[in-house]
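For reference, the structure is listed below as structure tokens.
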Amino acid sequence: MSFHHLSANRLDGKPEKLSSYQGKVVLVVNTASECGYTPQYAGLEKLHQEYKDKGLVVVGFPSNDFGGQEPGSSEEIKKFCELRYKVTFPMFEKVKTKGDGQSPVYAFLSQHHPAPKWNFHKYVVGKDGQVKAGFPSAVTPDSAELKAAIDSALAQP
């Protein structure tokens, strides 16, 4: 089993096979619009722009699991991300990251690294679809440790 065997719906409701990211490093982030960490959207977009030509894709999975901080509909989330943070990286429909009804994506991710404890938890998934690293919310998109994990994953075949 790998990340590439899964699928998820984009914010517009269209299903996407995550196998489309095969051969790329993927940074998976559970997002929220009303969180103290929400400004990380700007850093995630910057990371996406900085690394997309090197083989990194940032993907966001909105979640209302922590503090009810993502109450919006898909359309509201899309508008918020585009208008407030100019997000261009792929965003998916709202998911449960833990507990009953946990999305298959987060069931897979949390088999290999601890499940998110709050919004903006980050997983680095390698080109092979396996989880290479996980980082708690406080680790910012521009942090040296996150960039080192991304660079390491990009260097692997």
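Values computed for the structure shown
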quantity: Search result, residues across segment 20-36 that are surrounded by 14 or more Cβ atoms within 10 Å (Cβ to Cβ) and either within 24 Å of Lys132 (Cα to Cα) or in contact with a Ser or Thr (Cβ under 6 Å, 6 or more places away or on another chain) (or both); calculated: Tyr21, Gln22, Lys24, Val25, Val26, Leu27, Val28, Val29, Asn30, Thr31, Ala32
quantity: Criterion violated by Lys46 - all others in (1) of a type in the set (Lys, Arg); (2) outside any helix (DSSP H, G or I); (3) more than 20 Å from Leu11 (Cβ to Cβ) satisfied; calculated: (2)
quantity: Single unsatisfied condition, Gly68 versus (1) surrounded by 14 or more Cβ atoms within 10 Å (Cβ to Cβ); (2) without any contact (Cβ under 8 Å) to a residue 40 or more places away in the chain; calculated: (1)
quantity: Cross-chain or 6+ apart pairs with Cβ under 8 Å, segment 44-61 first and exposed (fewer than 14 other Cβ atoms within 10 Å of the Cβ), then part of a helix (DSSP H, G or I); calculated: Lys54/Leu154
quantity: Given (1) over 17 Å from Val25 (Cα atoms); (2) assigned to a helix (DSSP H, G or I); (3) more than 15 Å from the chain's Cα centre (by Cα); (4) of a type outside the set (Ser, Thr, Tyr), number of the condition Gly99 does not satisfy; calculated: (2)
quantity: Flag if Asp12 is among the charged types (D, E, K, R) and either in contact with a helix residue (DSSP H, G or I) (Cβ under 6 Å, 6 or more places away or on another chain) or not in a helix (DSSP H, G or I) (or both); calculated: yes
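Taken together, the values in this text are just the output of simple stated rules run on the coordinates, not laboratory data. Quick caveat, the model's predicted, so the values are computed rather than measured. Note: ideal-geometry Cβ built from the backbone for every residue, glycine included; neighbour counts use all protein chains shown.
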